[in-house]
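Structure first, then comments.
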Amino acid sequence: MTADPARAASSWTKAKAHRAEALAQDPESSPMSVIHASYYAMFHAARAVLFQQTGSAPKTHDRTIQQFGLLVRDLDDALRVSAKAFNAIKDQRTAADYNEAVSPGPEEAREALQAAVTFLAVCGSRYGFPDLP
């Protein structure tokens, strides 16, 4: 497959924007917003990697997570751990958005934010995306 650098760059730009939004939020007062933005930073970073490596990326969240996991499953530990964190934060975001009984707190928000920061750092360094601020 042929890489799609333009779509990879566009997805990476979105990933960085969502990361900045997550960092700008206060986990104490807006935990759901932090989780939401953290997840979308990871989602768009994974799409950037897929566009760069395979030339395409699924539109659905579950398929994006699956394809990213398949891409990195035989690579280094940092990428495999990041793929697992991506899946976990997706589950956390889905529960926060759609399960009335779930009310995430500041600690969950901080964990999601740290996972997103790490995910983008790993993807950026492994796949040559521009440095993050």
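Things to note:
- Between GLN66 and THR118, the contour length at 0.36 nm per residue exceeds the Cα-Cα span by 16.8 nm.
- If you model the chain as an ellipsoid using its alpha carbon gyration tensor, with each semi-axis the square root of five times an eigenvalue, the axes come out at 24, 15, 13 Å, biggest first.
- Accessible surface, segment 69-133, averaged per residue in Å² (probe 1.4 Å): 56 Å²
- Average Cα contact separation per residue, the chain, under 8 Å, 6 or more apart, as relative contact order %: 32 percent
- Considering only SER38, SER82, SER103, the Gaussian network model of the chain with Cα springs below 10 Å gives its largest mean-square fluctuation to SER103.
- Surface composition of the chain: carbon plus sulfur atoms hold 53% of the accessible area, using a 1.4 angstrom probe and ignoring ligands, DNA and RNA.
- Cleavage-rule hits (trypsin sites (Lys or Arg not before Pro)) in segment 1-74: DSSP loop, at most 15 neighbouring Cβ within 10 angstrom: LYS59, ARG73
- Sorted from greatest to least, the principal axis extents spanned by the alpha carbons of segment 14-54 come out as 39, 13, 8 Å.
- Using alpha-carbon coordinates, inclination of helix 61-72 to the longest axis of the chain, degrees: 50 degrees
The values are calculated or read from the model by the stated rules, or taken from the named source; none is laboratory data. From a predicted model like this one, the values you see are computed outputs, not experimental measurements. Reconstructed Cβ throughout: ideal geometry from the backbone, glycine too, with neighbour counts over all protein chains shown. SASA here: full protein model, heavy atoms, side chains in, ligands and nucleic acids out. Shrake-Rupley method; radii C 1.70, N 1.55, O 1.52, S 1.80 Å.
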